[in-house]
2 protein chains.
Amino acid sequence: MRHGSDIHAVCDVVVVGAGLSGLAAATRVAARGRSVTVLEARDRVGGRTLNEPVGEGKVVELGGQWVGPTQERVLALLTELGLRTYPTFDDGDKLFEFRGRLHRYRGSVPRLNPLVIADIAQAQLRLDRMAREVPLDRPWAAPRAERWDGETFSSWMRRNVRTEGGRAFCTIVCEGVWAVAPSDVSLLHFLFYVRSGGGLGRLISTEDGAQKWRVEGGTQRIAHHLAARLGDAVRLGAPVRRIRQERDGVTVSTDGTEVRASQVIVAVPPALSVRIAYDPPLPGLRDQLCQRYAQGSVIKTMAVYPEPFWRADGLSGQVTSATGPVKVCFDNSPPGSAPGVLLGFLEGNQARALGRLPVERRREQVLGCFTRFFGPEAADPERYLERAWAEEEWTRGCYGGYLPPGGWTGHGRALREPVGRIHWAGTETATEWNGYLDGALTAGERAADEVLAT
Amino acid sequence: MRHGSDIHAVCDVVVVGAGLSGLAAATRVAARGRSVTVLEARDRVGGRTLNEPVGEGKVVELGGQWVGPTQERVLALLTELGLRTYPTFDDGDKLFEFRGRLHRYRGSVPRLNPLVIADIAQAQLRLDRMAREVPLDRPWAAPRAERWDGETFSSWMRRNVRTEGGRAFCTIVCEGVWAVAPSDVSLLHFLFYVRSGGGLGRLISTEDGAQKWRVEGGTQRIAHHLAARLGDAVRLGAPVRRIRQERDGVTVSTDGTEVRASQVIVAVPPALSVRIAYDPPLPGLRDQLCQRYAQGSVIKTMAVYPEPFWRADGLSGQVTSATGPVKVCFDNSPPGSAPGVLLGFLEGNQARALGRLPVERRREQVLGCFTRFFGPEAADPERYLERAWAEEEWTRGCYGGYLPPGGWTGHGRALREPVGRIHWAGTETATEWNGYLDGALTAGERAADEVLAT
C-alpha cells in the first residue's frame, strides 16, 4: 500500500473504494493480468469491516462481523486466505424483554402468549412466500411489484400482524436486519432482501443463519489479506473527487492525484457514489436512484468486562428487547475466557435519536440496558466502545443501503447498469446476500467480470 | 457578475447557489451592510427558474413559472422589482381523459360519475383536515406523525379512496404537485406540503391557486434583477466543492478559488448539499436526512405553434389525463396572439421511464398526447422544447425535494438546524409554500436572518 500522490499514473482499471467489494473486484481484475489501482479515501482498508483490539492480541469488530451458511463466496475466500471461523456464542438461555418484563427462554422462540407466537409464525410464512416471488436481478418485475413498492413494511405490518407482541417482534426484526424503522423501508425492498438472504429465518438466526460464525482475528483481516496481495496497487488517503470519461479512457481524480484508466469500478454505496463529480454528468435515473438508496442507521456499541460473567448465570448474552434503546444484544467475546464483551445495537430511530447525544449520555443508556439484562455487574465495564456509522464521512450509515417505497419500481433499472466506462459494485448492488460481506464480494467480482468482458 | 477566479477573497457571508433562495439571502445580507459573495455552479443565475426565448422578445419558462394568491413574499418582490403578472390562460373548456375517453367540461370539476365526484370530495376534505394538524415548523410533532410518516400516500389512497376515478384523480394530483408517484411520498410529507401551501385546493387550482398568475418576461427575471443589484458579488461557473470550518471562520472552495467568510448559507436542495465536502464532516443526522430528501422527477415539455389554435375551438388548453404519459397540460402561450404554446408535464414514473428515451421518441409521445387532446394540428409544432431536470447536474430533479416515509420523524430535526457557521436555505427548508418560488425567498431570508443574528 502506498500513501502517495504520484500524478498521472496509468493502469487498466481503477477501483474506487477498498472495502471488501472493491478489493474483491481489484483482486479479480489483477488475477486476469490487468493492471489495477484501488483508490481509498480512508487511511485504512476494509470499509464497513473494522477491527478493534481489546488486548492480548484479541479483537472485536466495530463493523460487519458475521458470516453464515449459504454465504458460499465469503466462506470460500476465508478458506483460501487461511482464516478460520468459530461459532457465535450461543449456549445458555436467551432473554426477551416485553412490556417491561424479562422472559428467559431456550431455543429460538421465547415462551410468549400462543396467539403472539402464531401471529409471528403466520407473518413470517407470508413474508417468505411473498419474497419468493421477487426476482433478485429485477425486483421491479415481481408480479405484485407496484403494490409492494407502494407501501412500507410498517403499513403491511399494521394490516397483517394483529398482536402487539407480533408487531414488536417484526419491528425488532426490521431494525435488526436493516437498521431502519418499519416506516422507512419499502415492502418490496424488504422482500427482495429476505429472498436475497435465503429467507427471513436465515437472516435472523444465530444457530443456522447469518449470525452463525465469526472470523478469528476479525473480519477486517479479509481486507488486510486482499490488500496485502494487491500491494502497491492500493492507495490510502485518496478520496476520489471526480471521474471524467473521455473518448479513449477515463481519468479519476483525487485531491492532487490523477489516474488514467480504461475502465473504472465504483465500489462505494450508491448514496456516496453520487458525491463524486462525474464528467459528463451521470444519467438522471442513476442519480435519482442514488438520491433514494439511503444508508441504514446503526450505532454498534460494546462493553468490555474482565470476563463474560453472564455465562455463569446460564445466559447466552443474547437479548431481544421491545423496550430498547438496545433492542438486540449478543455475547461478543473473542475466543477464550477473557475478556467478556457485550454487544448492543442501537438501530433505526434509536440510532438517530441517540446519535445526537454526547457519548457519555449514550454510554449511560447502553449500560442501563446491559444492567437491566445482566445485572449490576454490567454497569461498570473496563471499556465502552462504539461506532456511529452515520457519522463516518466515508460510509454514512450501516449496515447497508435500503430503498424506500417507489425506489425499485421507479429507478431500480439503473442500479447495475454501467455508465460508459463506469461500473457499479458494492454490496448494495448484490443479488445474493445483498448488504452482507458475501454480497460485497460477489458484487465486486461481477463488476470485475463486466470490465474484463470489455 | 464576475467569471473569475481571484483566490482568497474575503467577505462576511458566502452564499452557495444563485437560485431564488440564495439570491434572496444575499440580498438581505447585503442590505444590512454585510459583504457577501454568491457562488453559483452554473453559468447563469435562477436555479430552477429558466427563461427560454420564443421569438419577438417573448419567453416561456422551462422551470418554475407560476405565482398565486397568499404567496405574499414573491408577490411583494415582483412589485418591488417592477415585474408584472398576468393571469394563466383559463378561458374555455377543459378536458379530462379517463378510460380512453375525453370529457369536455367547464368550471373546476369534470362531469364524472357522481360517486367519483363524492369520492374525490371526501378524500380532499379528509386530507385537508389532517393537514391542518401538521405544525409547519416541526411536522414530526403532529399528533399522528408516526402513523402518517409510516405510510405512503399510495397506501393511504388504497384504503381511503374507493373509486377507480378517485384514485386516478389523486394520482394525477400527486404527480402534478410533487412530481412523484403516490408510492414515493410519505403521507406526512404530503400533508405537510398541503398545509404549507394553504390546502389542497390552493395547490391544484389555476383559478384561485398556485397556478393563477404568470410573470411578464418570465420568472427568471426575478433572479436577473436580484443578481444585477448584487453586481460583482455573484460569481458564475463557481461550483462549491468544499466548506471548511475553522475556529475563526469558514473557507469555501470552488475549483481553484477560495473565499473566506465568517458564515455560509447553503442554498441548494438537501440532496445536492451533501455533495459538497465538509470539514469537519456534517453530523450524521444531517447527512442521513439529505440521503432521504430526494428531488422529484419531471420533464417539462412544450410545443410552439404559430398561434394558440385550440382557443378557436373553445378550449382552454388545460387537460387532466389519466392515460398519459402527459397527464397535465396547459396553454402556456406568452401574452398576445402569437405564438401558441402547449405545455405538457411528464411527472413521476412517466418522467423516469421516458427520461431514458432519446429526445425524438419523447417528442413523439408528447405530441401524440397533444394530438389526442387538440387534434391533428398539434402534431406538427414549429418547435418542441423540453427540460429534463433530473439530468441537470446542478438541480437533479424538480419541482422540489420530498421526503419518503420515515424521513420527517427520523431526521426532520436536522433540516434547518445550523451546523456551526453553516446555515441552510433553499425552498426545501421553507415552512410556508415549501417547494415554490415563494418558499425559496422566505427560506433564503430566514437563513439570512440567522446569519445576521450571529
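Once the Cβ-Cβ distance of B:Arg99 and A:Ala121 is raised to the sixth power relative to R0 = 45 Å, the FRET efficiency obtained is 0.55.
For segment A:1-149, would you read off the P(r) tail past 27 Å as a percentage of all alpha carbon pairs?
On the way: 6188 of 11026 pairs.
So the pairs more than 27 Å apart make up 56 percent of the total in segment A:1-149.
Legend: translational diffusion of segment B:313-369 by Stokes-Einstein, Rh = Kirkwood radius over C-alpha pairs, 20 °C, 1.002 mPa s; D = 175 µm²/s.
Peptides A:14-20, B:87-93, A:32-38, A:289-295 ranked from most to least packed, by the mean per-residue count of other Cβ atoms within 10 Å: A:14-20, A:289-295, A:32-38, B:87-93. Computed from the Cβ-Cβ distance with R0 of 22 Å, the FRET efficiency linking A:Thr70 to A:Arg111 stands at 0.15. From the Kirkwood radius over Cα pairs of segment B:306-454, Stokes-Einstein at 10 °C and 1.306 mPa s returns a whole-number translational diffusion coefficient of 87 µm²/s.
Counting, for every residue in B:177-188, the Cβ atoms of other protein chains within 10 Å of its Cβ and taking the mean gives 4.
For B:Lys300, the aspartates and glutamates whose Cα comes closer than 16 Å to its Cα, not counting residues fewer than 8 places off in the same chain, are B:Glu52, B:Glu61, B:Glu175, B:Asp331, B:Glu347, B:Glu360, B:Glu364, B:Glu386, B:Glu391, B:Glu392.
In a solvent-free Debye calculation with one equal scatterer on each Cα, what is log10 I(q)/I(0) for chain B at q = 0.06, 0.07, 0.08, 0.12 Å⁻¹, listed in the order of the q values? Listed by q, the Debye log ratios stand at -0.25, -0.34, -0.45, -1.01. Taken over the C-alpha atoms, segment B:215-312 has Rg and Dmax values of 19.5, 67 angstrom. Here the dipole of chain B is about 880 debye; that uses its Cα centre as origin and unit charges on the Cβ of Lys and Arg (positive) and Asp and Glu (negative). For segment B:114-196, the relative contact order is 43 percent, taking Cα pairs closer than 8 Å that sit 6 or more residues apart in sequence and dividing their mean separation by the residue count. Rounded to the nearest 500, the helix-only mean residue ellipticity at 222 nm of chain A stands at -9500 deg cm²/dmol, with each DSSP H run of n ≥ 4 adding -39,500 (n - 2.57).
Inter-chain Cβ neighbour count for A:263-271, averaged per residue, equals 1 (cutoff 10 Å, partner chain atoms only).
What the Kirkwood sum gives for segment B:155-300 is a hydrodynamic radius of 19.1 Å, with every pair of different alpha carbons counted.
Spatially, segment A:184-225 and segment A:255-273 are offset by 27 Å when compared through their Cα centroids.
Taking 20 °C and 1.002 mPa s as the conditions, I'd like the Stokes-Einstein D for segment B:252-299 in µm²/s, using the Kirkwood hydrodynamic radius from alpha carbon pairs.
Calculated translational D: 171 µm²/s.
The mean sequence distance of close C-alpha pairs (under 8 Å, at least 6 residues apart), as a share of the length of chain A, puts its relative contact order at 26 percent. Think of the protein assembly as shown as a dipole: +1 on every Lys or Arg Cβ, -1 on every Asp or Glu Cβ, centred on the Cα centre; then among A:Cys369, B:Val74, B:Tyr278, A:Cys369 lies furthest on the positive end. Here the residues B:His103, B:His225, ranked from fewest to most Cβ neighbours within 10 Å of their Cβ, fall in the order B:His103, B:His225. Taking the charge dipole of segment B:114-196 about its Cα centre, with +1 at Lys and Arg Cβ atoms and -1 at Asp and Glu Cβ atoms, the residue from B:Val180, B:Ile117, B:Ser155 reaching farthest to the positive side is B:Ile117. With its label point defined 7 Å out from Cα along the Cα-to-Cβ axis, B:Gly231 lies at 6.2 nm from the matching points of the other copies, in increasing order. In chain A, the longest principal axis of the Cα atoms and the axis of helix A:72-81 are about 70 degrees apart. Along the charge dipole of segment A:310-454, pointing to its positive end and built from +1/-1 on Cβ of Lys, Arg, Asp and Glu, which listed residue (A:Thr409, A:Pro335, A:Ala390) has its Cα farthest out? Among A:Thr409, A:Pro335, A:Ala390, the one farthest towards the positive end of the dipole of segment A:310-454 is A:Thr409. Overall, segment B:114-196 carries a charge dipole of about 260 debye about its Cα centre when +1 sits on the Cβ of Lys and Arg and -1 on the Cβ of Asp and Glu, all other atoms neutral. Net charge dipole, the protein assembly as shown: roughly 1240 debye, given to the nearest 20, about the Cα centre with Cβ charges of +1 for Lys and Arg and -1 for Asp and Glu. Take each residue in B:141-152, count the other chain C-beta atoms within 10 Å of its C-beta, and the mean is 4. Note on segment B:273-385: Cα-Cα pairs beyond 23 Å make up 41% of the total pair count.
Across segment B:78-182 the C-alpha pair distances fall into 5 Å bins from zero in the proportions 2, 10, 15, 19, 17, 12, 10, 9, 5, 1 percent. Calculate the length of the line joining the C-alpha centroid of segment B:293-352 to that of segment A:305-362, in whole Å. Cα centroid to Cα centroid, the span is 58 Å.
Near A:Gly400, the amide H atoms lying under 5 Å from its own belong to A:Gly296; only residues 5 or more places off or on other chains count, and H is placed 1.01 Å from N. Taking amide H as placed 1.01 Å from N in the peptide plane, B:Lys327 has its amide H under 5 Å from the amide H of B:Phe345, B:Glu347, each at least 5 places away in sequence or on another chain. Could you pull the copy-to-copy label distances for B:Thr70, with points set 7 Å along Cα to Cβ, in nm to one decimal and sorted shortest first? The answer, with the shortest distance listed first, is 5.2 nm. Restricting the calculation to Cα atoms, the protein assembly as shown yields a radius of gyration followed by a Dmax of 28.0, 90 Å.
Just so you know, all these numbers are worked out from the coordinates, no wet-lab data involved. Keep in mind the model is a prediction, meaning the values are calculated, not measured. Reconstructed Cβ throughout: ideal geometry from the backbone, glycine too, with neighbour counts over all protein chains shown.
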